[in-house]
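The values are calculated or read from the model by the stated rules, or taken from the named source; none is laboratory data. None of the values given here were measured: they were computed from a predicted structure. Here Cβ is always computed from backbone atoms with ideal geometry, including for glycine, and neighbour counts include all displayed protein chains. To get the accessible areas, we keep the full protein, side chains included, count just its heavy atoms, and leave off ligands, DNA and RNA. Shrake-Rupley method; radii C 1.70, N 1.55, O 1.52, S 1.80 Å.
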Amino acid sequence: MQENIIIADKGPASQTGTWQQQLSRAVRDPAVLCQRLGLSDKWLPGARTGHQLFEVCVPDAYLSRIAPGDPGDPLLRQVLPLDEEAMSLPGFVADPLEEADHQPASGLIHKYAGRVLLIASPACAINCRYCFRRHFPYADNAPSRAQWQQALDYLHTDTSLQEAILSGGDPLAANDRQLAWLVEQLDAIPHLKRLRIHTRLPVVIPDRIDDALLDWLSATRLQKVVVLHINHPNEIDQAVVDACNRLKQAGVTLLNQSVLLRHVNDSADTLAALSERLFEAGILPYYLHVLDPVQGAGHFDVSDDEARALINALLPRLPGFLMPRLVREIPGEESKTPL
Ligand SMILES: *Cc1c(COP(=O)(O)O)cnc(C)c1O
Ligand code: SF4
């Protein structure tokens, strides 16, 4: 009986419907997550503990790429809360990037020359356990149209800005009406050249790349860059490849950033396979971030020495254009810092 339930739940039926329907049906209960993946009960108390701190959220399209019954699955490790999240470790803090200090307007972060981040949506379509935004005060950062005006005025006034980056949360968790409006406003700022979107949604729910999205994306005069967030080659299935193709046809340059994560992608074999798989999907590796020291994510940490050793092992294996740049974000610096 139990087995029948698992099989029924894993059927493709749950991956149909609009992206909003798929998101609303995402697994948000640690017990359901364990049951759907055939994990033993021993994982449940830890999953419940972590869930209290940062709730579980995994849509079916992503869940379907996780091997059932394998607690070490590299995709599972990114979404399954563990007891370790409740540990306090020295140096692991709530706001490791000190972003609260760089907000000239609500929903806007300006740290680097020529580009600003706009928090276009507080929500995500998946909750990644290592996320540096897990303690972000999103309630204060989901501006209404009227509140966007302050951020837009800032962009109009600062003529040194060339690029607006939609970020979040996940900016593509916002609805297309809002995004079309926002991008239209950005389009009208004469000194802006580029629109960049930092998103994991095309990976988490590939059906997010639908006609409504492609309509506003194709309409802008701005050059378009989408920076995806993929950490492991298993995250890229045919549906993701198809979504990437739709973006490319709309004139988007596709890049990827990964986070170096213990027991997810901390091997040269995995990182080489990731770069190869990315390129097959038409995506170039951009950054490999070392973990931001966010409270609750210490068990994902890989030391700097190990990170450098991995890059050195990767260099002779990959063409230069498939090498991600290993970087850290240091508060107060003018760019990401190469290791
Ligand atoms: C990472 C980041 C950017 C983008 O930096 P790039 O090096 O251009 O990718 C911009 N603004 C903020 C606040 C950032 O954290
Ligand atoms: S999608 Fe990105 S912002 Fe959202 S939880 Fe995952 S890592 Fe964090």
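This table checks each residue for (1) modelled with pLDDT of 80 or more; (2) out of contact with any Pro (no Cβ under 8 Å at 6 or more places or on another chain); (3) away from ligand 2 (no atom under 13 Å from the Cβ).
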site: 106; (1), (2), (3): yes, no, yes
site: 110; (1), (2), (3): yes, no, yes
site: 115; (1), (2), (3): yes, yes, yes
site: 132; (1), (2), (3): no, no, no
site: 138; (1), (2), (3): no, no, no
site: 144; (1), (2), (3): no, yes, yes
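Residues checked against (1) touching a Ser or Thr at 6+ places or on another chain (Cβ under 7 Å); (2) at pLDDT below 95; (3) among the aliphatic types (A, V, I, L, M):
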{"residue": "8", "(1), (2), (3)": "no, yes, yes"}
{"residue": "17", "(1), (2), (3)": "no, yes, no"}
{"residue": "25", "(1), (2), (3)": "yes, no, no"}
{"residue": "32", "(1), (2), (3)": "no, no, yes"}
{"residue": "46", "(1), (2), (3)": "no, no, no"}
{"residue": "56", "(1), (2), (3)": "no, no, yes"}
{"residue": "59", "(1), (2), (3)": "no, no, no"}
{"residue": "69", "(1), (2), (3)": "no, no, no"}
Filtered residue count, the range 312-336, keeping only those that are open to solvent by less than 70 Å² (accessible area, probe 1.4 Å) and farther than 30 Å from residue 88 by Cβ: 9
Of the listed residues (207, 187, 158), the one being open to solvent by 50 Å² or more (accessible area, probe 1.4 Å) and acidic (Asp, Glu) is 207
Reported set for the range 221-255 where residues are surrounded by fewer than 16 Cβ atoms within 10 Å (Cβ to Cβ), among the polar types (S, T, N, Q) and within 23 Å of residue 184 (Cα to Cα) is 223, 249
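In the range 90-113, what count of residues is obtained for those that are among the hydroxyl-bearing types (Ser, Thr, Tyr) and either over 17 Å from residue 167 (Cα atoms) or assigned to a loop (DSSP other than H, G, I, E, B) (or both)?
To start, the set of residues in the range 90-113 that are among the hydroxyl-bearing types (Ser, Thr, Tyr) comprises 106, 112.
When the remaining residues are screened for being either over 17 Å from residue 167 (Cα atoms) or assigned to a loop (DSSP other than H, G, I, E, B) (or both), the result is 106.
Residues in the range 90-113 being among the hydroxyl-bearing types (Ser, Thr, Tyr) and either over 17 Å from residue 167 (Cα atoms) or assigned to a loop (DSSP other than H, G, I, E, B) (or both): 1 in total.
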